[in-house]
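Enquirer: I'd like to ask you about the structure that follows.
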Amino acid sequence: MVPGPAFIVGAMVSMAGAFFLLQNATNLCLLMSTAIIGFGTGAITAISVSTTTELFGPDNFGVNHNLVVANIPLGSFIFGDLAALLYHKDVDHASGKCMGLQCYSMTFLIWGSLCSFGTIIAIILHFRTRNFYWQIMKSPKHTFQHHIQPSC
């Protein structure tokens, strides 16, 4: 059994790398990065369900899970808004268009940096919860009804 936070670290690392890979203007990099970002996003969404239950217990699961995944619509809004602002900054005012990597390279750089920051946070979560997951793996029933007591 691999702890959920460890999977989240792996997904975040790959997504950060994929955003930085988008700085390359080849079609192969575009296809690979799109697949990696899609896989990572889907994996984190799926893993967050079980991780929420493991960390906070089944009581009030709906509220806890909604707080955990609130980043999805918020991040989509911020990312879309940021991309639009940066796109309009680089647009050719004569044609009203911006073509190529130069239109989104700063957006990809910022988003890759944010994913790198998210990776650091996921690593911290993994190290803070590893004793909890070790106890779960040692228990015969693998019940997830215990709550983590935060250490200061």
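Where a number appears in this text, it was derived from the coordinates with a stated rule and is not lab data. Given the structure is predicted, the values throughout are model-derived calculations rather than measurements. Neighbour counts are summed over all protein chains in view; Cβ atoms, including those assigned to glycine, are modelled from backbone coordinates with ideal geometry.
Enquirer: Enter the angle in degrees (range 0 to 90, nearest 10) between the Cα long axis of helix 27-56 and the first principal axis of the Cα atoms of the chain, meaning the one along which they spread out most.
Expert: The angle comes out near 30 degrees.
Enquirer: Quick one: dipole size for the chain, taken about the Cα centre, charges +1 on Lys/Arg Cβ and -1 on Asp/Glu Cβ, in debye to the nearest 20.
Expert: Values: 6 positive and 5 negative charges, 80 e Å.
Computed charge dipole of the chain: roughly 380 debye.
Enquirer: Using only Cα atoms and rounding to the nearest 10 degrees, what angle (0 to 90) does helix 71-90 make with the longest principal axis of the chain?
Expert: 20 degrees
Enquirer: Please grab the % of Cα pairs in the chain that end up more than 27 Å from each other. Write out the running numbers ahead of the final one.
Expert: Values: 3992 of 11476 pairs.
Within the chain, distances greater than 27 Å cover 35 percent of Cα pairs.
Enquirer: So for the chain, averaging the separation of alpha carbon pairs under 8 Å that are six or more residues apart and normalising by length, what relative contact order in percent results? Each step should come with its number before you reach the end.
Expert: Values: 140 pairs, mean separation 58.4, N = 152.
About 38 percent, as a whole number.
Enquirer: What is the angle, in °, between the Cα long axis of helix 105-138 and the longest principal axis of the Cα atoms in the chain? Nearest 10 is fine, range 0 to 90.
Expert: 10 degrees
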